[in-house]
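The block underneath contains the structure these notes are about, expressed in structure tokens.
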Amino acid sequence: NAIKAVQKTSGWPAKVNASEGWGFATHYSFESYVAVASKVNLINNELRVLEVHISIDCGQILNPDRVQAQMEGSVIFGLSAALMGEISFKDGAAEQSSFHDYPMLRISQSPKIVVTLINSDKKHSGAGEPGMPPVGASITNAIVAAGGPRIRDLPIKNHIKIG
């Protein structure tokens, strides 16, 4: 159901311009199913994430606004981690200490986010953590679809420029 919902809202795997690509990933944890389709633009080795469609089947949804916010936050946090998230160490201590030297996605970098909630009769399940893991995988798959390299280690900023 999560996959079908993302296909419906995104049109994935719709044809795109030569410099664009769709990526897809799914995840299951905390008894919830999540699907993500992401559209990127890759020109001159510079990446821009255009759209992220995410759906979750977490059983009975008791508070739709809360689950919607969790999925939106999962996309932003997932993109931040996949694109830029890196902790480096020197002399046994982390070099990053807060947001001034550990970047999060800026509003100007934020893509269009489309969330689909799938309400079902099964017992309610997790809606916080399950949304984050497939975001990075969908982006790296989209990069390949746009003609970029297959990225196997994060962050993506170590391989291509983030726009």
Which of LYS39/LYS90; LYS4/LYS123; LYS90/LYS157; LYS123/LYS161 exceed 32 Å between C-alpha atoms? The answer is LYS39/LYS90; LYS123/LYS161
For the chain, with every protein chain kept in place, what is the accessible area per residue (1.4 Å probe, Å²)? 54
Quick check: net charge around SER38, other residues with Cβ under 15 Å of its Cβ, Lys/Arg +1 and Asp/Glu -1? 0
Using each residue's phi in region 98-115, evaluate 6.51 cos²θ - 1.76 cosθ + 1.60 at θ = phi - 60° and report the 3J(HN,Hα) Karplus result to the nearest Hz, with x for Gly and Pro. 6, 5, 5, 10, 10, x, 10, 4, 7, 4, 5, 9, 6, x, 5, 10, 10, 10
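Can you list the trypsin sites (Lys or Arg not before Pro) in region 98-163 that are in a DSSP coil and have 13 or fewer other beta carbons within 10 angstrom? List each step's numbers first, then the result.
Details: sites: ARG106, LYS112, LYS122, LYS123, ARG150, ARG152, LYS157, LYS161; in loops: ARG106, LYS122, LYS123, ARG150, ARG152.
Sparse-neighbourhood loop trypsin sites (Lys or Arg not before Pro): ARG106, LYS122, LYS123, ARG150, ARG152.
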I need the Debye-formula profile for region 108-163: one equal scatterer per C-alpha, no solvent, reported as log10 I(q)/I(0) at q = 0.31 1/Å, two decimals. -1.40
If we count every other residue with Cβ under 15 angstrom of PRO149's Cβ, Lys/Arg +1 and Asp/Glu -1, where does the sum land? +2
Projected label distance in nm at PHE30 and LYS157, using a 7 Å step from Cα toward the beta-carbon: 2.6
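Mind putting a number on the dipole of region 53-127 about its Cα centre? Charges go on the C-beta only, +1 for Lys and Arg and -1 for Asp and Glu, and I need it in Debye to the nearest 20. Mind dumping the intermediate values first?
Working: 6 positive and 8 negative charges, 50 e Å.
Computed about the Cα centre, the dipole is about 240 debye.
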Backbone N within region 109-145 under 17 Å of label point (7 Å from GLU86 Cα along the Cβ vector): 140
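Which percentage, to the nearest 5, of the DSSP beta bridges contained in the chain is antiparallel?
On the way: 23 of 32 bridges.
Within the chain, antiparallel bridges account for around 70 percent of the total.
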Under a Cβ-Cβ cut-off of 12 Å, what is the net charge of the residues other than ILE54 that fall near it, where Lys and Arg count +1 and Asp and Glu count -1? -2
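What does the C-alpha gyration tensor say about the overall shape of the chain? Classify as rounded when a/c is under 1.5, otherwise prolate if a/b is larger than b/c, or oblate.
Numbers: a/c = 2.17, a/b = 1.26, b/c = 1.73.
Here the chain falls in the oblate category.
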Could you give log10 I(q)/I(0) at q = 0.17, 0.26, 0.28 Å⁻¹ for region 1-40, computed by the Debye formula over C-alpha point scatterers of equal weight, without solvent? -0.46, -0.84, -0.92
Which whole-Hz ³J(HN,Hα) couplings does region 28-40 yield from phi under the Karplus relation 6.51 cos²θ - 1.76 cosθ + 1.60, θ = phi - 60°, glycine and proline marked x? 10, 7, 6, 6, 10, 10, 10, 10, 9, 10, 10, 10, 10
Share of region 15-127's accessible area from carbon and sulfur, percent, 1.4 Å? 51
A student asked for the Cα radius of gyration and Dmax of region 28-89 in angstrom ought to give 14.5, 45
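The values are calculated or read from the model by the stated rules, or taken from the named source; none is laboratory data. Just so it is clear, the structure is predicted and the values come from calculations on it, not from any experiment. All Cβ positions, even for glycine, are placed from backbone atoms using ideal geometry, and neighbour counts span all protein chains on display. Heads up: the accessible areas ignore ligands, DNA and RNA and are worked out on the full protein's heavy atoms, side chains in. Shrake-Rupley method; radii C 1.70, N 1.55, O 1.52, S 1.80 Å.
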